[in-house]
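Colleague: Have a look at this one.
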Amino acid sequence: MKITNGKILIFFGIIHPLLAISPFAFGKQFAGFAQKYFFKISDGLFEFPLLNGQMNYSNFAAFWFFYCGILLIPIGILLNYVEKQNIQIPQSFIWSYLIVVLIGVYMIPFSGMTFFMLPHALFMLLKNKQRKLVTS
């Protein structure tokens, strides 16, 4: 099995939610979500201070940590398909992925974005440049 950039993103997408539900991250919040059968785990916009709400920051963080991982899975599937068709990954995708990762690295330096996603994004950029040199 050949490791592709798409498979790497799928891997990140699977690991992220698994870590989120573990006792090492947001297990307590997910136990509370499970008691509600994962329905209406937040009051949504009504929690925003702008609407005089009271934000439950730990639930908010737990949800987005979990959900961001899930969002990586379809992106990884699409990227894997592109690579299997031997189509060059669009430079615009790589740059936008790198920018999103860099924003995350800047905001949370000691995180998986710094240690896993940043090297992956840089690897994609370098491989794409190498591929362009070879095909031109």
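Colleague: Filter the range 40-72 down to residues that are touching an Asp or Glu at 6+ places or on another chain (Cβ under 8 Å) and open to solvent by less than 50 Å² (accessible area, probe 1.4 Å) and give me whichever is farthest from I15 (Cα to Cα).
Modeller: G53
Colleague: State all residues of the range 73-96 that are among the hydrophobic types (A, V, I, L, M, F, W, C) and open to solvent by less than 40 Å² (accessible area, probe 1.4 Å); if no residue qualifies, say none.
Modeller: Those that are among the hydrophobic types (A, V, I, L, M, F, W, C) and open to solvent by less than 40 Å² (accessible area, probe 1.4 Å): L79, V82, I89, I94.
Colleague: Being in contact (Cβ under 8 Å) with a residue 40 or more places away in the chain and not hydroxyl-bearing (S, T, Y) narrows it down to one of F110, F11, F39, so name that one.
Modeller: Of F110, F11, F39, the one residue that is in contact (Cβ under 8 Å) with a residue 40 or more places away in the chain and not hydroxyl-bearing (S, T, Y) is F11.
Colleague: Report yes if some residue within the range 13-33 is at pLDDT below 90 and open to solvent by 100 Å² or more (accessible area, probe 1.4 Å); otherwise report no.
Modeller: No; the residues of the range 13-33 include none that is at pLDDT below 90 and open to solvent by 100 Å² or more (accessible area, probe 1.4 Å).
Colleague: Can you name every residue in the range 97-110 that is loosely packed, with under 15 Cβ neighbours inside 10 Å and aromatic (F, W, Y)?
Modeller: Answer for the range 97-110, where residues must be loosely packed, with under 15 Cβ neighbours inside 10 Å and aromatic (F, W, Y): Y106, F110.
Colleague: When the residues of the range 111-121 are filtered to those that are assigned to a helix (DSSP H, G or I) and not aliphatic (A, V, I, L, M), which remaining residue is least open to solvent (accessible area, probe 1.4 Å)?
Modeller: The residue in question is H120.
The values are calculated or read from the model by the stated rules, or taken from the named source; none is laboratory data. Because the structure is a prediction, the values reported are computed rather than measured. Heads up, the Cβs are rebuilt from the backbone with ideal geometry, glycines too, and the neighbour counts pull from every protein chain shown. Surface accessibility is based on the protein's heavy atoms, side chains included, excluding ligands, DNA and RNA. Shrake-Rupley method; radii C 1.70, N 1.55, O 1.52, S 1.80 Å.
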